[in-house]
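Just below is one structure, and these are the notes that go with it.
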Amino acid sequence: GIEYWGCKAVMATFTVGGDIADLVPRGLHLDEPAFGAVLIAEYGASTLGPYGEYVSILRVVDDDGTPGFYIPYIYVTNEAALAAGRELLGAPKKLARIAVKVHAEAVVGTLDRPDDCPLARLVVAPAERLPADLFDALLPAGTPMYSLRHLPGPPGATQVHELIRWDCNLAIHTDAFGDQLRFSGPASINYPAHSGVDPVHRLEVDTFLGGAYLEFDMRLTAGSVVWSESVVAERAEQAMPISASP
């Protein structure tokens, strides 16, 4: 597993507008309406070193009706995290500039790629403790995460596509009074620039549900391959329709 400590993050939850069915691979299904979230984190230390991360999240259920979370977009600031996420979990990580800054008025998380292109901005003003039952409803403990791994090759070579199931466990920090450091308050998320290369804006906010600020430790563990298929590529790095049948 990969372990993290001294983490802080801002998170927004919302129902997703528009048609995003093409973002989800076969074997997983969106809610109606689709439920999405964005998390922007700063990991103070980890077994991969300190780094920032931006994660787009979609709530899904598998063919058996078991709920989980699918990751269509994810960005990091650390090359070790990029390699580990892609190779172990199949997460489609890219490098970007990510920041979580605590201001007097609010905590602000940002994603820029390239550095002069602001793709996302998430603002949360911690105002009150986030109740345990609400937090557990947003991020239920033990809920599996999913990523789609592509192993490309040259023309005529076999390419492999796999849906990977993995686990993410959070341990929320407590303050000197013994209360957990999870807060809610006035919040907003917007996508200043729309990029065809990095279309994080496709998780369009239909109904904003809430924002949160968290301080925590975390552990990621690789799970299992849900399905795997091999195809012969007609051209280099041939894309696979993720909703296609095997």
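The values are calculated or read from the model by the stated rules, or taken from the named source; none is laboratory data. Remember, predicted model here, so these are calculated numbers, not experimental data. Positions of Cβ are backbone-derived with ideal geometry, glycine not excepted, and every protein chain shown enters the neighbour counts. SASA here: full protein model, heavy atoms, side chains in, ligands and nucleic acids out. Shrake-Rupley method; radii C 1.70, N 1.55, O 1.52, S 1.80 Å.
Miscellaneous remarks
- Of residues in region 154-191 being at negative phi and free of Cβ contacts under 8 Å to residues at least 12 places away in the same chain, the one least open to solvent (accessible area, probe 1.4 Å): Asp175
- Lone qualifier among Thr47, Thr66 - being farther than 23 Å from Lys94 by Cα and among the hydroxyl-bearing types (Ser, Thr, Tyr): Thr66
- When Thr110, Thr66, Thr77 are screened for being over 18 Å from Leu39 (Cα atoms), of a type in the set (Ser, Thr, Tyr) and open to solvent by 20 Å² or more (accessible area, probe 1.4 Å), only Thr66 passes.
- Residues located in region 82-99, provided they are at pLDDT below 95 and either touching an Asp or Glu at 6+ places or on another chain (Cβ under 8 Å) or closer than 11 Å to Arg113 by Cβ (or both): Gly90
- Residue in region 208-225 that is over 23 Å from Asp63 (Cβ atoms), among the small types (Gly, Ala, Ser), modelled with pLDDT under 95 and within 18 Å of the chain's Cα centre (by Cα) present: yes
- If you go through region 49-66 and keep only what is in contact with an Asp or Glu (Cβ under 9 Å, 6 or more places away or on another chain) and not charged (D, E, K, R), you end up with Pro50, Tyr51, Gly52, Leu58, Val60, Val61.
- Filter result (within 25 Å of Glu234 (Cβ to Cβ), open to solvent by 20 Å² or more (accessible area, probe 1.4 Å) and part of a loop (DSSP other than H, G, I, E, B)) within region 137-153: Pro152
- Taken over region 18-27, the criterion of being more than 23 Å from Val76 (Cβ to Cβ) and open to solvent by less than 10 Å² (accessible area, probe 1.4 Å) is satisfied by no residue.
- Among the residues making up region 78-105, those that are of a type outside the set (Lys, Arg) and in contact with a helix residue (DSSP H, G or I) (Cβ under 8 Å, 6 or more places away or on another chain) are Ala91, Pro92, Leu95.
- Tally of residues being surrounded by fewer than 16 Cβ atoms within 10 Å (Cβ to Cβ) and either in contact (Cβ under 8 Å) with a residue 40 or more places away in the chain or not in a loop (DSSP other than H, G, I, E, B) (or both) across region 119-132: 4
- Within region 206-225, the set of residues being hydrophobic (A, V, I, L, M, F, W, C) and either in contact with a His (Cβ under 6 Å, 6 or more places away or on another chain) or open to solvent by less than 50 Å² (accessible area, probe 1.4 Å) (or both) comprises Ala212, Leu214, Phe216, Met218, Leu220.
- Within region 35-55, tally of residues that are closer than 17 Å to Pro67 by Cα and either open to solvent by less than 10 Å² (accessible area, probe 1.4 Å) or without any contact (Cβ under 8 Å) to a residue 24 or more places away in the chain (or both): 2
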